[in-house]
Structures are given as C-alpha cells and as structure tokens.
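J.: Please see the structure below; I have some questions.
The values are calculated or read from the model by the stated rules, or taken from the named source; none is laboratory data. Note that the structure is a prediction, hence the values are computed from the model and not measured. All Cβ positions, even for glycine, are placed from backbone atoms using ideal geometry, and neighbour counts span all protein chains on display. Heads up: the accessible areas ignore ligands, DNA and RNA and are worked out on the full protein's heavy atoms, side chains in. Shrake-Rupley method; radii C 1.70, N 1.55, O 1.52, S 1.80 Å.
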Amino acid sequence: MSTNGEPVTTPSGTAAGVEAEAGSGREAIVRAARRAFTLRPYAEVTMRGIAAAAGVSPSLIVKRFGSKEALFNTVADFGAAADELFAAPPPALGRHLVLTMVELRARFRGDPLLRVVFSLGIEDERTLLRDRFREQVTDRLAATLSGPDALLRAELIAGQLLGLGATLSLHRPDGAGARATADRLADLYAPGLQRLIDGPGAHGP
C-alpha cells in the first residue's frame with residue numbers, strides 16, 4: 001500500500017516491491033532525478049529514465065510529483081539541506097557544517113550542493129539553480145553572520161563547502177578523504193570555516 005492507502009503497482013509486481021516503493025520510493029526518485037538533471041540537459045532527461053534509475057515505475061513518479069518540471073523544481077531546492085547545515089549556533093557552526101555535509105553526502109549518495117556547479121542545463125536552468133542557491137544558502141547564511149563583509153564571508157563559506165564536496169567526490173572511493181572519519185575531516189577543515197563565520201578580529205590579528 002502507498003502512504004495514502006492506495007495500491008501501488010511496481011515493475012516486479014511483488015508485495016516486497018510495493019512496500020519498498022511506498023516506503024523509500026520518493027527518496028530514490030529524488031536521488032535519481034538529482035543525478036540526471038546534474039549530468040544531462042533538462043531536455044534530455046526523461047521520466048522513464050529517472051524511473052529506471054530509481055527502480056520504480058514511471059507512474060509512481062507522475063503520482064508523486066506530477067510532471068518533469070515539478071520534479072526539477074523539487075531537486076533544484078536547497079532549502080532542506082540548508083536547514084540541516086545551519087542548525088547550529090555560530091560558535092559551533094564550522095564543525096557542524098563539515099559533519100553535516102559528510103552525513104548528507106552519505107544519505108543522498110552524493111553532494112546536496114554540487115549540482116549548482118555541475119548542472120549542464122540550458123541557461124535558464126543554470127540561472128534558476130544559482131538564484132536558488134544564493135537565496136536559500138548564501139543569503140540565508142549571510143543573515144546569520146555578524147560583523148563586516150557578511151555576504152562576502154558567506155560566499156566564501158559556501159565556496160569552501162562546495163570545495164569539500166568536490167574534493168571528496170574527486171578522490172572517491174579510495175582517497176584519503178574517503179577513508180577519513182567525519183570527525184577527522186572536521187578537525188582539519190572546520191577551523192578555516194569557523195574563522196570566516198566569526199569574522200575579522202575574532203581570532204586576533
């Protein structure tokens with residue numbers, strides 16, 4: 001059964017397949033769509049291809065999202081990731097950002113922010129991604145920072161987060177970063193973030 005009580009038909013037609021689609025289908029769809037829209041222009045992405053990558057039926061995607069445009073708008077939304085990334089007070093935010101990025105990458109099986117850099121869509125799609133990233137990540141972070149150059153510092157922090165994700169992706173699966181614990185990554189990477197969060201003068205000359 002689906003979450004709203006209606007039956008769901010899967011390609012396999014098995015009871016286990018129905019339960020799997022109802023319980024985790026949305027996450028699988030969003031993950032597959034995020035990858036598809038990142039790697040290919042919007043016009044080349046198909047609902048059938050996303051369904052195949054997610055292991056669900058195309059009808060389930062239509063039922064849950066309605067259209068390809070609505071699905072794109074879902075994956076072009078950084079708000080949920082930002083909620084988790086910024087869920088710490090400024091004095092502890094640097095370490096929290098690193099630990100949360102690592103956790104989100106594991107949960108999403110990919111970087112929740114990097115699609116803003118690697119999107120191959122047409123200009124309108126790239127502009128949408130950049131505008132949403134600025135509004136939902138950079139501007140939101142800047143509003144929490146005190147002291148001078150808040151927006152510049154927020155942009156630099158966002159850039160460092162993107163850099164962390166790119167580095168971990170570039171050197172997977174057997175790089176030093178892939179073998180390091182989240183705490184060790186935070187030990188090394190968080191101090192630079194924290195200096196930008198705290199602002200000029202917070203750590204002395």
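J.: Exactly one of these conditions fails for Asp174: (1) open to solvent by less than 30 Å² (accessible area, probe 1.4 Å); (2) part of a loop (DSSP other than H, G, I, E, B). Give me its number.
T.: (1)
J.: Looking at (1) open to solvent by less than 50 Å² (accessible area, probe 1.4 Å); (2) more than 30 Å from Leu141 (Cα to Cα); (3) in contact with a Ser or Thr (Cβ under 9 Å, 6 or more places away or on another chain), find the lone condition where Ser59 falls short.
T.: So the condition that Ser59 fails would be (1).
J.: State whether one or more residues within segment 142-154 are open to solvent by less than 20 Å² (accessible area, probe 1.4 Å) and within 17 Å of the chain's Cα centre (by Cα).
T.: No, that holds for no residue.
J.: Further, regarding this structure: Hey, among Thr181, Thr167, which residue is among the hydroxyl-bearing types (Ser, Thr, Tyr) and either modelled with pLDDT of 95 or more or over 18 Å from Thr38 (Cα atoms) (or both)?
T.: Working: Thr167 fails: either modelled with pLDDT of 95 or more or over 18 Å from Thr38 (Cα atoms) (or both).
The unique qualifying residue is Thr181.
J.: For segment 91-107, state whether one or more residues are at pLDDT below 85 and not aromatic (Phe, Trp, Tyr).
T.: yes
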